[in-house]
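For reference, the structure discussed in these notes is given below.
The values are calculated or read from the model by the stated rules, or taken from the named source; none is laboratory data. Note that the structure is a prediction, hence the values are computed from the model and not measured. Cβ coordinates were reconstructed from backbone atoms using ideal geometry, including for glycine residues, and neighbour counts include every protein chain displayed. Surface accessibility is based on the protein's heavy atoms, side chains included, excluding ligands, DNA and RNA. Shrake-Rupley method; radii C 1.70, N 1.55, O 1.52, S 1.80 Å.
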Amino acid sequence: MITTGGGTGTGNGTERSEGSPDAVVHLYQELRRRGVSSLGEVGAQLRLSPEEYERCRCELTDLGLIVPTNPAQHGARGELRAGGGSGGGGGRPRESGGAGGEAGDGDTVAVIDPEIALLRLLHREREQLREHLDEADRAYDTLETLAGAFLRAGSLTRADADVELLSDYRRIQQVLEDITDVIQHSLASMHLTSLRREVGERVLSRDRRQIENGVRVRAMYSEQACVSPEVAEHLRRRVEAGVEVRIASAVPMPLIIADEQFAVVPVDPAEPAAGAVLARGPALVRSYLALYEHCWHTALPYGDGSAPDLGGDGLSEQQRAALSMLASGMKDEKIARGLGVSLRTVSRMLSELMQEMGATSRFEAGVRAYRLGWVD
């Protein structure tokens, strides 16, 4: 076994160390004992297998503990990594006539002290880290330039205004995610119908994150959307999370306003599938915010026990009248004239009622309303 400090082991100092987990240490210690010497020769004397020799050579080179001393033949330190110091037979070290002989000149290496190798390694890692940071800075500058006024809340001036039509559902969801990620001060929303369970969980998670960041979160729901126990539980959890929730007898349309800079509104309130409009800039958003504030002040805080006059079925008088006329076979135009409202309002109202009853047609909605005793 080879010993440290220049001593030799039993026999001629070439006892086999193949498979030893300390092979790298043994090779390094023997090289250090000899000084400048042939890597292949020392590897052969230690009787390292080709695989063990290759592993030791790569590890010592990567750690900077050995360097080639013949640049004319090796070219660079990386040449050792490529296998320049190994002989034939799949990397088995070739026999050499000695450290200074011609057979050993091609893979002659010098040993580096561990302290120096460590300093060089740290310097190399620091340079690589500096390069990565420079790349990150360049990428950030590029993204910041491209984003411009589109991603930074508060970056739009009072005169800036921009409108984008969103027709794809996935694009709408991505826009909502992007907006909620850049909110700094306030988020206001109004909802016509209840949310699906999985969407509700995502909303709650977003609520908690924004409130923790100091954002004021407000949400307004139509009273018709709050009749189910599932919705009531969702609203209770939102209130517990710190969201200000109010209930209105009528909500004109779905709406989301962020930081007085972004507003997402439907293209057609009576047809949710038609898409949405993203409005950017205070010049546009202020009008939507004024509408929201009016609805907010006329709505009631959730859970205070106050509510408009509703029947035992939770319907307002206007909704009950619309269902009654629908059950009698009236067309939407005649219902609108009878209620004194627009055709669009009737379409939206009946669409909400159909959704609540699970009806797929107006005729089915009228039949179900009659069977439930909601209409005479």
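Within the range 214-233, count every residue that is within 19 Å of Thr180 (Cβ to Cβ) and open to solvent by 30 Å² or more (accessible area, probe 1.4 Å).
So the first thing to find is which residues in the range 214-233 are within 19 Å of Thr180 (Cβ to Cβ), and the list is 214-221.
Adding the requirement that they be open to solvent by 30 Å² or more (accessible area, probe 1.4 Å) leaves 214, 216.
Result for the range 214-233: 2.
Looking at the range 1-55, which of the residues that are outside any helix (DSSP H, G or I), modelled with pLDDT of 85 or more and open to solvent by less than 30 Å² (accessible area, probe 1.4 Å) is nearest to Asp113 (Cα to Cα)?
Checking each candidate, the answer is Ser38.
Pairs needed: first member in the range 160-186, closer than 28 Å to Glu212 by Cβ; second member anywhere, modelled with pLDDT under 80 and open to solvent by 40 Å² or more (accessible area, probe 1.4 Å); C-beta distance under 8 Å; at least 6 residues apart or different chains.
Asp178/Leu151; Val182/Leu151; Val182/Arg152; Gln184/Gly154
Among the strands (runs of 3 or more DSSP E) contained in the range 176-294, which hold 2 or more residues that are under 21 Å from Glu164 (Cβ atoms)?
Numbers: elements: 186-191, 216-222, 244-248, 255-258, 262-266, 276-280.
Answer list for the range 176-294: 186-191, 255-258, 262-266, 276-280.
Quick one: Arg320 ticks every box in (1) at pLDDT 85 or above; (2) open to solvent by 50 Å² or more (accessible area, probe 1.4 Å); (3) touching a Phe, Trp or Tyr at 6+ places or on another chain (Cβ under 7 Å) bar one, so which box is it?
Of the numbered conditions (1) at pLDDT 85 or above; (2) open to solvent by 50 Å² or more (accessible area, probe 1.4 Å); (3) touching a Phe, Trp or Tyr at 6+ places or on another chain (Cβ under 7 Å), the odd one out for Arg320 is (1).
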